[in-house]
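Notes follow once the structure below has been shown.
The values are calculated or read from the model by the stated rules, or taken from the named source; none is laboratory data. If you're wondering where the values come from, they're calculated on a predicted model, not measured in any experiment. Here Cβ is always computed from backbone atoms with ideal geometry, including for glycine, and neighbour counts include all displayed protein chains. Please note that ligands, DNA and RNA were not included when accessible areas were found on the heavy atoms of the full protein model with its side chains. Shrake-Rupley method; radii C 1.70, N 1.55, O 1.52, S 1.80 Å.
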Amino acid sequence: MAEGKSESSSSSMESLDHLPSALLATIMTNLDVASICSVASTCTAFKACASQILSFIPSFHLLEIAPSMDLLRPLLPPNPWLKSMKVNCGRLDDSAIQILLQPSLHELCMLNCDEFTGKLLSEIGGRCKDLRSLCLGSVAENRGQDIQFSDLEELLRGCHELEALNLMFDVSFSAGHNNSRVWALASEKLTSLEIGYIPSVMVAELFSPNFGFHKSPNCIQPSILPNIHKLCLSVDYITDTMVGKISKGLNSLTHLDLRDAPMSEPGVTSDLTNSGLQQINQHGKLKHLSLVRTQEFFSTYFRRVNDLGLLLMADKCKTMESIFLGGFCRVTDTGFKTILHSCSKLYKLRVSHGTQLTDLVFHDISATSLSLTHVSLRRCTLLTNHAVTSLASNKDLKVLDLRDCRNLGDEALQAISTLPKLKALLLDGSDISDVGLSYLRPGVISSLISLSVRGCKKLTDKCISALFDGSSNLELQELDLSNLPNLSDNAVLLLAKSRVPILELRMRQCPLIGDTSVMALASMVVDEERWHGNSLRLLDLFNCGGITPLSFRWLKKPYFPRLRWLGVTGSVNRDMVDALARSRPFLRVSRRGEELGVEEWDNSDDFYMHDYDEMDEFERWLLDGEDENADEEMVNAEDNAEAME
């Protein structure tokens, strides 16, 4: 019987070899890069075809792994038909500029460009004249801000077709220069601008009415970037002056996202007040507004804004569809309720650090015409179960973020269980129990894609059986069980037995989680025809009390073939951690406790799911046996660890 199957397989491969190359090429051009390389690893005919079509594919997207220059070079031959490129540049530097920056590109996204210099900006301006969309992340961050003002100037001068520009890094290097002059070089077609960090004084200058360069000094021109529809900025201070000049100067603005992180308490002239809020949406086109003060460096809030400010703003924001207010500590129920009752088209409401927001805001929400789909009330500590019960009248809710609302308990979960469309539920730090979680089954748990119960101290191993009860017919992809002191290996054994195809599993700061959990997950079979542990892309075990060097034997190949992020405590055994990182070059091993799977400068609070590709065959195709030395190094590290014991 086995011999018959072998003959059948051999016959199939021979038939593939005889397929017309034009037919194979037509099929492969509809695949992404990872899929093309995965197919190439299956037979000689596919490999030859893959090598050819890489010269004329329209899109090259490779974000889940960070390829080296040696691995990238054969994948990126000159290609006059290439229009879209997205690359994780974590292992690249300026030497990759020549193969990355192809003149035909319309869309370019380069993340984690820490080792590049400012030359990247000027070269893009010189080589990619037809770019419509550009996104650059973390440029020169490992090079001590090695970016020159002239680099930005060359970028804006050269890319005269740009419609969307996202610079996810600090652009304060141009402070003191004539910013108005250089930004005046930007494409007239630019409608979307996002900047990772820019000082507030530069923003005020950028959006001030400017004097024409070749006209009379008395002839005042509109704002330099008059066609901007979407503006997202991270600044040092959000001020009245900044908000006023943006609102007045950008006639077409529909999306405004401002976020600051003060390093000290703002003074009157460097803060947002009721007067500033009154200036928002002067042209009446704003649909999405986000004003957030973070506590990244200093614990401070918008102390000069109260209910009056929101009342004044609400008069001009009746057509608003999405509002995010963070750090408005003096706004009470009156102000927040005004927003709900004034903005009849609102479907996204997000409030963080709403220290005076109570249940009364949502008491009569069912009497409004609102149809909320996204609600985030993070760190609104006065909320109780009654608020959630009222919110549950919105049956279209897809995302509900109640992190750090510590007064919520099982009664809130009973209300949440009536939401048939819920996709993401975040309950970090709440007072829920195992019994409460059982209310989510069988209804809500079958639709959830993301669930976080981080820091819910009452939860025990029984929460897993309460949620899953042996059922694997679920859509759940992200599960956060971090900081649960009573969660043990028994819970993970139950999770593995349920065979839920989870992609991201976080269990950081769980003292009872140990080697048994790693072995159970490594042996977990989601699909009988596929590899063990095949679904996990992210596994966070940072500071789990029972993790020993034994776990690292189960973290190496062939286990966890699709794992891309791993969090561990580096002190477990530094040599083994380093050897694991080298043996699996596409695995990001974190030892310092940083959150995994979140890109720096990512200011988005929207629900987001990674678009995972089938990367195991792709990795094998790229490395093609080159990792044998790394595997031997891993074995040597294990032997050394045993000797030390």
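Please list, by residue number, every one of the trypsin sites (Lys or Arg not before Pro) in region 379-410 that is coil in DSSP and has at most 12 other beta-carbon atoms within 10 Å.
Working: sites: Arg379, Lys395, Lys398, Arg403, Arg406; in loops: Arg379, Lys395, Lys398, Arg403, Arg406.
Loop-located and lightly packed - Lys395.
What part of the accessible area of region 229-357, given as a whole %, is carbon or sulfur when the probe is 1.4 angstrom?
Result for region 229-357: 52 percent of the exposed heavy-atom area is carbon or sulfur.
If you consider only alpha-carbon coordinates, what radius of gyration and Dmax does region 229-357 have, in Å?
13.3, 37
Given the convex hull over the Cα atoms of region 346-449, what projected area results after averaging over all orientations, in nm²?
5.6
What's the carbon and sulfur percent of region 391-513's accessible surface, probe 1.4 angstrom, rounded to a whole number? Before the final figure, lay out the partial values.
Values: 2150 of 4370 Å².
Carbon and sulfur atoms account for 49 percent of the accessible area of region 391-513.
Mind checking region 88-187 for chymotrypsin sites (Phe, Trp or Tyr not before Pro) that DSSP puts in a loop (not H, G, I, E or B) and that have at most 14 other Cβ atoms within 10 Å?
On the way: sites: Phe116, Phe149, Phe169, Phe173, Trp183; in loops: Phe116.
Here no loop site has a sparse enough neighbourhood.
At a 1.4 Å probe radius, carbon and sulfur cover how many percent of the accessible area of region 59-198?
Numbers: 2380 of 5160 Å².
Exposed carbon and sulfur together represent 46 percent of the surface.
Expected output is a single nm value to one decimal: the length gained when fully extending between His160 and Lys129, i.e. 0.36 nm times separation in residues minus the C-alpha distance. What is it?
Working: separation 31, 0.36 × 31 = 11.16 nm, distance 0.68 nm.
Between His160 and Lys129, full extension yields 10.5 nm more.
At 10 °C and 1.306 mPa s, grab the translational diffusion coefficient of region 59-198 from Stokes-Einstein with a Kirkwood Rh over Cα pairs, rounded to a whole number in µm² per second. Walk me through the numbers on the way to the answer.
Values: Rh = 15.0 Å.
Roughly 106 µm²/s, to the nearest whole number.
Run the numbers on region 399-552 and let me know its relative contact order in percent, using alpha-carbon pairs under 8 Å that are six or more apart.
On the way: 370 pairs, mean separation 26.4, N = 154.
Computed over region 399-552, the figure is 17 percent.
Can you give the extra length, in nm with one decimal, that the chain gains between Glu411 and Gln52 once fully stretched, where that is 0.36 nm per residue apart less the Cα-Cα distance?
Fully extending the segment from Glu411 to Gln52 adds 123.2 nm.
When the Cα centres of region 424-439 and region 245-273 are compared, how far apart do they sit, in Å?
Value for the Cα centre distance between the two parts: 36 Å.
May I ask you to give the solvent-accessible area per residue for region 229-357, in square angstrom, as obtained with a 1.4 angstrom probe?
Value for region 229-357: 36 Å² per residue.
Please give, to one decimal in nm, the separation of the simple spin-label points placed at Ser446 and Lys285, each 7 Å out from Cα toward the Cβ.
Output for this residue pair reads 4.6 nm.
How far apart, in nm, are the 7 Å Cα→Cβ label points at Asn473 and Ser84?
Rounded to a tenth, the inter-label distance reads 3.5 nm.
May I ask you to list the trypsin sites (Lys or Arg not before Pro) in region 485-521 that are in a DSSP loop and have at most 14 other Cβ atoms within 10 Å of their Cβ? Working shown, then result.
On the way: sites: Lys497, Arg499, Arg506, Arg508; in loops: Arg499, Arg508.
Loop-located and lightly packed - none at all.
Where in region 225-265 does the amide nitrogen come within less than 13 Å of the point 7 Å from the Cα of Ala184, taken along Cα to Cβ?
Output list for this probe position: 225.
Would you be so kind as to identify which of Ala466, Ser376, Cys405 lies farthest towards the positive end of the dipole of region 326-474, taking Lys and Arg as +1 and Asp and Glu as -1 on Cβ and the Cα centre as origin?
Ser376
Treating only the Cβ of Lys, Arg, Asp and Glu as charged (+1, +1, -1, -1), what charge dipole size does region 48-154 show about its Cα centre? Round to the nearest 20 debye.
With Lys and Arg at +1 and Asp and Glu at -1, about 440 debye.
Report, in whole Å, the centroid distance computed from the Cα atoms of region 367-419 and region 44-112.
That distance is 44 Å.
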